[in-house]
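The values are calculated or read from the model by the stated rules, or taken from the named source; none is laboratory data. From a predicted model like this one, the values you see are computed outputs, not experimental measurements. Glycine also receives a Cβ, built like all others from the backbone with ideal geometry; neighbour counts cover every protein chain displayed.
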Amino acid sequence: MSDAEREDLRRHGILLTSLEELYNWGRSNSIWPLQFGLACCAIEMIAAATARFDIARFGAEIFRPSPRQADLMIVSGTVTKKMAPLVVRLWNQMPEPKYCIAMGACAISGGPFKQGYNVLKGIDRFIPVDIYIPGCPPRPEALLHGLTQLQEKIKAERLAGPDTARHLRPENPGEFPIPDYGAHDLQPPNNPALFSPPSLPRKP
Amino acid sequence: MGPQHPSTHGVFRMIVTLDGERIVKLKPVFGYLHRNHEKIAESTSYLASMPYTDRLDYLCSMTNNWAYALAVEKLGGLTVPDRAQYLRVIMAELTRLVNHSCLVGFLFNDLGTSFTPLLYAFREREKILDLFEALSGSRMMCNYQRFGGCRVDPSPEWLAAAKALVDNFPRFLDEYETMLTGNEIMLARTQGVGRLSAADAINAGITGPILRASGVDYDLRKVDGTGFYPRFDFRVPLGAHGDTYDRYMMRILEMRESVKILQQAFRDLPAGPIMDPKAKLRGFRPKAGEAYGRLEGPKGELGFYLVSDGSPNPYRYRVRPPSLINLTLLEDMCLGHTIADSVVILGSIDIVLGEVDR
């Protein structure tokens with residue numbers, strides 16, 4: 001059946017859908033983010049939840065205090081090396097399917113504090129990030145845009161077949177190694193499955 | 001508790017020893033947001049560390065800018081024109097409104113109201129942030145103050161909008177107070193909780209509304225006469241008991257005083273330049289020396305200590321953060337109370353972790 005025919009039926013009040021579409025529709029419109037703020041971006045995340053921006057319009061207003069009840073981690077703010085193991089632990093405690101938004105320059109790359117010895121140069125070295133929202137801090141509208149982009153991503157996920165969603169493939173881990181404090185840096189300094197530093201070609 | 005906890009106001013950790021539900025020992029753990037602010041500032045130019053001061057206490061970027069600019073102005077021997085002084089007072093008091101209303105919202109969150117006071121507070125915050133955005137181009141990280149003055153001159157429309165907002169603000173405060181101040185649960189949970197005596201507060205170097213809640217009449221706006229504050233007629237509210245309820249009331253009363261200051265500032269705002277013509281932003285190289293600029297920020301005395309060796313970077317750069325110093329007596333305030341009270345006491349101290357850890 002073509003999309004046009006389906007749309008025609010929809011106009012008559014007949015809804016034809018697949019289980020996959022229904023499942024993704026339900027999940028994408030009821031995202032439960034983790035109530036978890038790190039720094040400045042967290043204030044804008046709170047602002048996104050309040051009256052003017054109202055994240056509730058997108059069905060994502062139930063900020064959960066416990067990672068075990070959440071399926072979206074918004075890494076809002078600077079992740080320091082002291083905090084990174086705890087962020088990874090929280091991520092590990094979240095049940096699948098789960099998603100991660102890196103909100104703001106610090107969470108993406110260390111941002112303005114990149115040169116600091118104690119600041120992680122991007123949380124994507126330890127946990128997989130689905131959506132990156134640039135800005136310092138991003139406006140609440142930007143967070144909402146990131147959220148709608150995540151919804152699009154969830155809606156496009158497949159339940160079966162060769163391009164099955166990440167969380168449905170058994171070979172993909174839901175847990176990631178928690179880095180430990182080493183003598184100089186976190187051990188390991190990154191998760192090689194997710195990130196490896198670019199090799200620097202040196203001239204002989 | 002923490003560092004990931006909905007009520008620790010960021011990434012703050014408390015190691016609490018309990019006897020039943022009573023706290024017998026409490027050890028705060030900092031450093032989860034240590035971002036090397038001071039060292040980065042020592043390796044960049046004076047102007048380039050201005051945006052970093054915004055990110056110190058991310059609810060009051062305007063006052064952070066001002067305190068830093070004060071220190072640099074002392075170092076470089078700059079004088080600020082009258083109009084810029086008035087604009088700085090306007091920005092600082094608007095920031096105080098933002099900070100205090102948000103703090104009260106967060107405090108009630110810690111008390112267990114789900115969201116409503118915070119919704120009201122953020123509604124007002126958005127209106128003030130609109131003004132900041134129109135002026136500085138950014139909502140939160142308002143990079144507005146400069147050494148020797150301010151960056152842009154507000155338009156008459158901006159001033160009219162700001163004046164209208166300030167004139168309306170007491171109505172919001174009345175509404176806020178009707179909802180919160182006499183609330184029975186609030187009274188039961190905050191009166192007599194987290195007592196801090198005046199002597200202890202002075203000994204620990206605590207400043208700001210927390211010190212004044214203990215009954216000590218010390219406000220840098222009066223004592224130091226920073227900016228043009230001596231020209232304004234306002235009162236410094238004082239508490240009597242030094243408990244959480246007094247600290248809450250301090251914020252509400254201070255907001256009312258801020259409104260008075262703002263109204264006077266809009267009335268008396270002079271015309272004229274907004275920058276010292278001697279001020280040089282790029283390639284600014286002050287003579288060797290040291291300076292300490294301080295200001296009554298919404299949380300207390302915010303100071304910047306700078307040492308210059310004549311190079312374009314400060315040789316030494318140090319922040320005196322009110323949040324961190326106010327936090328030092330957390331254990332004394334919490335001892336003997338329940339763990340649920342410790343959350344409220346922490347909320348009433350008004351910390352921002354960006355400033356605690358820097």
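Okay, here's what the table says:
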quantity: Any hit, segment B:81-92, residues being part of a helix (DSSP H, G or I), in contact with a strand residue (DSSP E or B) (Cβ under 7 Å, 6 or more places away or on another chain) and within 14 Å of another protein chain (Cβ to nearest Cβ); calculated: no
quantity: Condition check for A:R64: within 16 Å of A:Q93 (Cα to Cα), more than 9 Å from chain B (Cβ to nearest Cβ) and either surrounded by fewer than 24 Cβ atoms within 10 Å (Cβ to Cβ) or at pLDDT below 90 (or both); calculated: yes
quantity: Segment A:89-114 residues that are modelled with pLDDT of 90 or more, paired with ones that are among the acidic types (D, E) (beta carbon under 6 Å, 6 or more apart); calculated: A:N92/A:E175; A:K98/A:D71; A:Y99/A:D130; A:C100/A:D130
quantity: Filter result for B:T63 (within 14 Å of chain A (Cβ to nearest Cβ) and either of a type in the set (A, V, I, L, M) or surrounded by 24 or more Cβ atoms within 10 Å (Cβ to Cβ) (or both)); calculated: no
quantity: Those residues of segment B:114-138 which are facing chain A (nearest Cβ under 8 Å) and surrounded by 20 or more Cβ atoms within 10 Å (Cβ to Cβ), in sequence order; calculated: B:L118, B:F122, B:R125
quantity: Top-ranked residue in segment B:21-47 [being under 22 Å from the mean Cα position of the chain (by Cα) and of a type in the set (G, A, S); ranked as nearest to B:G76 (Cα to Cα)]; calculated: B:A41
quantity: Residue in segment A:2-59 that is farthest from B:V356 (Cα to Cα), counting only those that are more than 11 Å from every other protein chain (Cβ to nearest Cβ), in contact with a Leu (Cβ under 7 Å, 6 or more places away or on another chain) and in a loop (DSSP other than H, G, I, E, B); calculated: A:L16
quantity: Some residue of segment B:78-86 being of a type outside the set (G, A, S), farther than 24 Å from B:G283 by Cα and surrounded by fewer than 20 Cβ atoms within 10 Å (Cβ to Cβ); calculated: yes
quantity: Helices (runs of 4 or more DSSP H) completely within segment B:314-358 that count 1 or more residues being within 14 Å of chain A (Cβ to nearest Cβ); calculated: B:322-326, B:339-349, B:353-357
quantity: Number of positions in segment B:181-210 that are closer than 23 Å to B:G300 by Cβ and assigned to a helix (DSSP H, G or I); calculated: 9
quantity: Check on B:T8, buried (at least 17 other Cβ atoms within 10 Å of the Cβ) and of a type in the set (S, T, N, Q); calculated: yes
quantity: Residue in segment A:174-192 that is within 21 Å of A:M94 (Cβ to Cβ), of a type outside the set (D, E) and free of Cβ contacts under 8 Å to residues at least 24 places away in the same chain present; calculated: no
quantity: Single residue of segment A:91-111 satisfying the filter (out of contact with any Phe, Trp or Tyr (no Cβ under 7 Å at 6 or more places or on another chain) and within 11 Å of chain B (Cβ to nearest Cβ)) that is surrounded by the fewest Cβ atoms within 10 Å (Cβ to Cβ); calculated: A:Q93
quantity: Candidates B:L302, B:L238, B:L211, filtered to the one that is surrounded by fewer than 21 Cβ atoms within 10 Å (Cβ to Cβ) and either modelled with pLDDT under 90 or in contact with a helix residue (DSSP H, G or I) (Cβ under 8 Å, 6 or more places away or on another chain) (or both); calculated: B:L238
quantity: Of residues in segment A:67-77 being over 17 Å from A:D130 (Cα atoms) and away from chain B (no Cβ under 11 Å), the one surrounded by the most Cβ atoms within 10 Å (Cβ to Cβ); calculated: A:Q69
quantity: Test for B:Y58: is it part of a loop (DSSP other than H, G, I, E, B), more than 10 Å from chain A (Cβ to nearest Cβ) and in contact (Cβ under 8 Å) with a residue 12 or more places away in the chain; calculated: no
quantity: Selection within segment B:29-43 - more than 9 Å from chain A (Cβ to nearest Cβ) and either assigned to a loop (DSSP other than H, G, I, E, B) or crowded, with 21+ Cβ neighbours inside 10 Å (or both); calculated: B:F30, B:A41
quantity: So B:S101, is it of a type outside the set (A, V, I, L, M, F, W, C), surrounded by fewer than 24 Cβ atoms within 10 Å (Cβ to Cβ) and not in a strand (DSSP E or B); calculated: no
quantity: Index of the failed condition, A:G122 passing every other in (1) surrounded by fewer than 22 Cβ atoms within 10 Å (Cβ to Cβ); (2) touching a Gly at 6+ places or on another chain (Cβ under 8 Å); calculated: (1)
quantity: Where a residue in segment A:123-152 is within 14 Å of chain B (Cβ to nearest Cβ) and free of Cβ contacts under 8 Å to residues at least 24 places away in the same chain and its partner, wherever it lies, is buried (at least 20 other Cβ atoms within 10 Å of the Cβ) and of a type in the set (A, V, I, L, M, F, W, C), with Cβ under 7 Å and at least six apart; calculated: A:A142/A:I133
quantity: Selection count where residues are assigned to a helix (DSSP H, G or I), among the β-branched types (V, I, T) and touching a residue at least 60 places away in the same chain (Cβ under 8 Å), scope segment B:215-263; calculated: 4
quantity: Residue match in segment B:222-230 (condition: touching a strand residue (DSSP E or B) at 6+ places or on another chain (Cβ under 7 Å), surrounded by 16 or more Cβ atoms within 10 Å (Cβ to Cβ), at pLDDT below 90 and closer than 30 Å to B:S43 by Cα); calculated: yes
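This table checks each residue for (1) over 25 Å from A:K121 (Cα atoms); (2) of a type in the set (K, R); (3) in contact with a Ser or Thr (Cβ under 8 Å, 6 or more places away or on another chain); (4) without any contact (Cβ under 8 Å) to a residue 24 or more places away in the chain.
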residue: B:Q4; (1), (2), (3), (4): no, no, no, yes
residue: B:F12; (1), (2), (3), (4): no, no, no, no
residue: B:V16; (1), (2), (3), (4): yes, no, yes, no
residue: B:I23; (1), (2), (3), (4): yes, no, yes, no
residue: B:P28; (1), (2), (3), (4): yes, no, no, no
residue: B:L33; (1), (2), (3), (4): no, no, yes, no
residue: B:S43; (1), (2), (3), (4): no, no, no, no
residue: B:S49; (1), (2), (3), (4): no, no, no, no
